[in-house]
Amino acid sequence: MNPIIVNKLAKSYEKVNALKGISFEVEDGELFGLIGPDGAGKTTLIRILASLLLPDTGKASLVGNDVVKDFHEIRKIVGYMPSRFSLYTDLTVQENLEFFAGVFGSTIEENYYLIKDIYHMLEPFKGRLAGKLSGGMKQKLALSCALIHKPKILLLDEPTTGVDAVSRKEFWAMLGKLKAEGITILVSTPYMDEASLCDRIALIDKGEILSVNTPKGIIALFPQKLYGISTPNSFSLLNHLRTLPICKDAFLFGQEIHVTTSNSNITCESLHDLLSNSGFTNSTVTLIEPTVEDCFMQLMGNNR
Amino acid sequence: MEKKEIIIEVENLVKKFGQFVANDNLTFKVFKGEIFGFLGANGAGKTTAIRILSGLLEPTSGKISVAGYNAYSQRDLIKANIGYMSQKFSLYDDLTVRENIRFFGGIYGLYGKILKARIDELLSDLKMTEFKDDLISSLPLGWKQRLSFSIAMIHKPVIIFLDEPTGGVDPITRRSFWEMIHSVANQGTTVFVTTHYMDEAEYCDRVTIMVDGRIEALDSPANLKKTFNANSMDEVFVMLARKAKSA
Amino acid sequence: MNNSKPNKFWGFALKEFRHIFRDKRTLLIIFGMPIAELLIFGYVVTNEIKDANIAILDKSGDYLSQKLTSKLASSGYFIPTTYLYSENEIEPVLRSGKAKMVVVYEPNFAEKFFREKNAAIQIITDASEPNTASLLANYAGSIINSFASENGANELRSSPIDIRVRMLYNSELKSVFMFVPGTMALILMLLTAMMTAISIAREKELGTMEVLLVSPLKPSHIVLGKVLPYVGLAFINALVILFLGYTVFDLPMRGSLALLLLVSFVFIILALSLGIFISTVSKTQQVAMFFSMIGLMLPTMLLSGFIFPIENMPLVLQWLSALMPPRWFISAIKTIMIKGEGIAYVWKEMLIMIGMIVFFLTLSIKKFKVRLS
């Protein structure tokens, strides 16, 4: 049986339907990404899995334990990192670790091998108050605290939000190592570029799952050809493209504009000529492989 | 480079908190109508610099002028001439769209017919006239973000500071937000923006990368990529930010 | 599992102590506030009762009435500032606040005193400040009684409006005796209840409660672990207050110290269970603070007999006061300390407090959520 099973899970608050009956499964030892913007329902889902919230309808289980009935069991096997910074700011790094180890009836030494790498980075600051750490370090400490009892399943709610690009990369590298230890990891993130670092991902928006697949699989399902256009003046080209009838979607992607067309006869050359004729002479057009973000936007568009 | 009007001029800006040097000798200029990206790792000193430039914090030393005003003695004038929007979209959830606009308009000294006209203008620009009596809490995130941006612009400031304006927003909304930023800059407003999305760094006219309180790089995205021999701003950033020694 | 339990509690308590000792404000509140409050209350109250302005309406004007007036004046409690000539002046002089008490001698005071052995003195006090009023009346009554016996007569009657029974045992006429128990109740209540309520609410605010909930800890573990340090601290505080009362204010310690500490302990547990209850209904520190202030401090001050005597309250408020935990504590420690009575006289108070503990704890356990929201 898969360690995480989510079956038609629904939850609504007063006004909003946070989850509209979603289903998916996470396999043993998988690094599974839950990818979607704020308000997609990521936090609600993770809290239900952590047995902190009750679903309205549907079922979910972790290693065979029902999240509603068997919450005592679940709390023994889960490591959870909420989206907010959730450590004691007035305790030092060392004291936080000791405390959380104590809460789980464990010690830092017992599962030291798990947090060794992270702890190594934290060690120079172990006497520092957690409140005085930088964002990246806080996040590493929070991860250590969630790992200290050697959980079977790690639930991480937006661990990289608000953290700079370098710390994010380091954090994902750590998740890779934990996966190698056999821990099943469910991680949510609003950063689409982190999708490629997961084994499989679920794209989620407005309480619905748009797609569940490997990042490559999701990209392979992109229904159209995607053109990348580079030009020195992207914004005016973007506005121009949107006036063209053959253009389906046009979005900025860093230095490029990603364009899909409704006309399958279009080629890079014909598109380039079309633009040149309109005065955008020094643009280059290439056929490109979509990113997960392209797929997300395309699926979001279908969904609306 | 053609001659442009300088809107922000910073020479040797230093800000210390006790022994800690948050901003170490920053020098840069920002021009009118420019989108100026301000990148840096957590704790590199971005927030401090933004607070000084928006008149919230007095610098320790250095020559700083913002919109022609002195950052020591004319902080109130600076505040009156800039707009500020943070990632938290500081709107009142329990007030309606119109009430929020009216409140913030009032703060910036708009009143009577001018305020009313500005509210109507803003609502129609945002295509939100229909929803003017809806509570903020009932709006989708993307709308809140656009409204929050428009409200930060309600007094037509010469500079707008955006502190991680797109955090957590869906990719489509994020892009339409940048189109909004661009059109505002085209109309002559200077945009000073921070972000953790490296693709957004590419949309800026020029980008500053701060490391450990100092400016490590400042140029257009294209030149930066050339200088550091990188394919994307993400690579440039990671290359520079890895040098950081602070935790 | 079993051998790790004490470990968990110890870890929790250690963490809690660290929170307390690392925050200078908390530390100041815990150890500075009781002392400051006790000294301030104590001294303010004594000062108020010393040097009270009084008015004299001497319809007799003989040597005995004048002698009594000067005895009142020399007691140190009263300063006769105004002399009245008719009964009509009594009300205005009280109302204007020029005098806090009026002493009226009947005509032919000395003659009646020696011949008829029945001289009347009327004492009129401004009962808008009931505590002061009753204190003054009692002081005056006591001075007059001793004056009467000095002058070889026991029949001299005073007719104060309200003599408090409590004063009977308070022979040295020290008002502080009434305030130390009240202050002790207030401090223990505020400290323990408010601090626990706030510290639990803080975990909710920080998001750490989320992490604690998603751990094998049972809710009772979490709550007990958080509360334990405060029991110790509150008990130390109780000792400090008693010590100060004893040394600085010469508070009598007539009853058994062990019984007194037991009663204090029960009250501390009661305050803690109240704090836990407050924390289960408040999501943020601010709300917890608000509930503690409005829900605990004001009723303790106003309804527990600390400032206003319960006997003088309207009936409805008297009923309300019976619901106030500190009322029973104050009553019990007064009985023990000042009257010197044993358990036979305080079992009722103890029982009521224990009943309240059971009530609040049951309610809290019912309300405490193993989940969010």
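The values are calculated or read from the model by the stated rules, or taken from the named source; none is laboratory data. Not measured: the values here are computed from a predicted model. Please note: Cβ atoms are built from the backbone with ideal geometry, for glycine as well, and neighbour counts cover all protein chains shown. For accessibility, only protein heavy atoms count, side chains too; no ligands or nucleic acids. Shrake-Rupley method; radii C 1.70, N 1.55, O 1.52, S 1.80 Å.
Yes/no matrix, rows are residues, columns are (1) within 7 Å of another protein chain (Cβ to nearest Cβ); (2) of a type outside the set (Lys, Arg); (3) more than 20 Å from A:Leu155 (Cα to Cα):
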{"residue": "A:Ser61", "(1), (2), (3)": "no, yes, no"}
{"residue": "A:Leu91", "(1), (2), (3)": "yes, yes, yes"}
{"residue": "A:Phe100", "(1), (2), (3)": "no, yes, no"}
{"residue": "A:Phe104", "(1), (2), (3)": "yes, yes, no"}
{"residue": "A:Glu109", "(1), (2), (3)": "no, yes, yes"}
So, in the stretch A:234-247, how many residues would count as being within 11 Å of chain B (Cβ to nearest Cβ) and under 25 Å from B:Asp234 (Cα atoms)? 4
Note down all Cβ pairs under 6 Å where the first residue falls in the stretch A:67-96 and is surrounded by fewer than 18 Cβ atoms within 10 Å (Cβ to Cβ), the second is of a type in the set (S, T, N, Q), and they're at least six residues apart or on different chains. A:Glu73/A:Asn65
Which residue out of A:Leu114, A:Leu87, A:Leu141 is within 30 Å of B:Asp163 (Cβ to Cβ) and either more than 10 Å from every other protein chain (Cβ to nearest Cβ) or in a helix (DSSP H, G or I) (or both)? A:Leu141
Report yes if some residue within the stretch C:331-344 is loosely packed, with under 14 Cβ neighbours inside 10 Å, touching a helix residue (DSSP H, G or I) at 6+ places or on another chain (Cβ under 8 Å) and under 30 Å from C:Val211 (Cβ atoms); otherwise report no. no
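Criterion first (more than 7 Å from chain A (Cβ to nearest Cβ) and open to solvent by 20 Å² or more (accessible area, probe 1.4 Å)) does B:Arg174 satisfy it?
no
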If you check B:Glu179 against the conditions, is it part of a helix (DSSP H, G or I), out of contact with any Phe, Trp or Tyr (no Cβ under 8 Å at 6 or more places or on another chain) and not small (Gly, Ala, Ser)? no
Which one is farthest from B:Gly40 (Cα to Cα) among residues in the stretch A:90-111 that are assigned to a loop (DSSP other than H, G, I, E, B) and β-branched (Val, Ile, Thr)? A:Thr107
Scan the stretch B:156-171 for residues that are touching a residue at least 40 places away in the same chain (Cβ under 8 Å), open to solvent by 10 Å² or more (accessible area, probe 1.4 Å), in contact with a helix residue (DSSP H, G or I) (Cβ under 7 Å, 6 or more places away or on another chain) and closer than 17 Å to A:Thr161 by Cα and jot them down. B:Asp163
Identify, please: which residue in the stretch C:345-373 is open to solvent by 50 Å² or more (accessible area, probe 1.4 Å) and outside any helix (DSSP H, G or I) and is, among those, nearest to the other protein chains (Cβ to nearest Cβ)? C:Ser373
Any chance you could count how many residues in the stretch A:248-267 are away from chain B (no Cβ under 14 Å) and surrounded by 16 or more Cβ atoms within 10 Å (Cβ to Cβ)? 2
Take the residues in the stretch A:158-188 that are touching a Leu at 6+ places or on another chain (Cβ under 6 Å) and either assigned to a loop (DSSP other than H, G, I, E, B) or open to solvent by 10 Å² or more (accessible area, probe 1.4 Å) (or both); name whichever of them is nearest to the other protein chains (Cβ to nearest Cβ). A:Trp172
If only one of C:Glu87, C:Glu116, C:Glu106, C:Glu111 is among the acidic types (Asp, Glu), assigned by TED's automatic domain parsing to the domain that holds C:Glu150 and under 37 Å from the mean Cα position of the chain (by Cα), which one is it? C:Glu87
Taking the stretch C:22-74, which residues are modelled with pLDDT of 80 or more and on the phi > 0 side of the Ramachandran plot? C:Gly61
Can you spot a residue in the stretch C:287-295 that is out of contact with any helix residue (DSSP H, G or I) (no Cβ under 7 Å at 6 or more places or on another chain), polar (S, T, N, Q) and under 30 Å from C:Leu212 (Cα atoms)? no
Please determine, by comparing only the residues of the stretch B:120-136 that are touching a residue at least 24 places away in the same chain (Cβ under 8 Å) and either touching a Cys at 6+ places or on another chain (Cβ under 8 Å) or open to solvent by 50 Å² or more (accessible area, probe 1.4 Å) (or both), which one is nearest to B:Ile181 (Cα to Cα). B:Asp125
Do we find a residue being in contact (Cβ under 8 Å) with a residue 60 or more places away in the chain, of a type in the set (A, V, I, L, M) and not in a helix (DSSP H, G or I) anywhere in the stretch C:45-52? yes
Within the stretch B:3-44, residues being outside any strand (DSSP E or B), hydrophobic (A, V, I, L, M, F, W, C) and open to solvent by 10 Å² or more (accessible area, probe 1.4 Å) number 1
Only one of A:Leu62, A:Leu54 is open to solvent by 20 Å² or more (accessible area, probe 1.4 Å) and either at pLDDT below 95 or among the hydrophobic types (A, V, I, L, M, F, W, C) (or both). Can you tell me which? A:Leu54
Sole residue being within 29 Å of A:Tyr191 (Cβ to Cβ), out of contact with any Cys (no Cβ under 9 Å at 6 or more places or on another chain) and of a type outside the set (A, V, I, L, M, F, W, C), chosen from A:Thr57, A:Thr44, A:Thr107, A:Thr92: A:Thr44
Report yes if A:Ile22 is assigned to a helix (DSSP H, G or I) and touching a Leu at 6+ places or on another chain (Cβ under 7 Å), otherwise no. no
Working carefully through the options A:Ile46, A:Ile108, A:Ile77, A:Ile4, find the one that is modelled with pLDDT of 95 or more and under 30 Å from C:Ala201 (Cβ atoms). A:Ile46
Give A:Pro290, A:Pro245, A:Pro232 a once-over and let me know the one that is open to solvent by less than 30 Å² (accessible area, probe 1.4 Å), over 25 Å from A:Ile185 (Cβ atoms) and assigned to a loop (DSSP other than H, G, I, E, B). A:Pro290
For the stretch B:39-79, what are the residues that are basic (Lys, Arg), more than 14 Å from every other protein chain (Cβ to nearest Cβ) and touching a residue at least 40 places away in the same chain (Cβ under 8 Å)? B:Lys63
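Just checking, does the stretch A:146-157 include any residue being buried (at least 19 other Cβ atoms within 10 Å of the Cβ), acidic (Asp, Glu), in a loop (DSSP other than H, G, I, E, B) and within 12 Å of chain C (Cβ to nearest Cβ)?
Checking the stretch A:146-157: at least one residue is buried (at least 19 other Cβ atoms within 10 Å of the Cβ), acidic (Asp, Glu), in a loop (DSSP other than H, G, I, E, B) and within 12 Å of chain C (Cβ to nearest Cβ).
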Counted residues in the stretch B:164-192 being under 19 Å from A:Tyr191 (Cβ atoms) and at pLDDT 95 or above come to 0
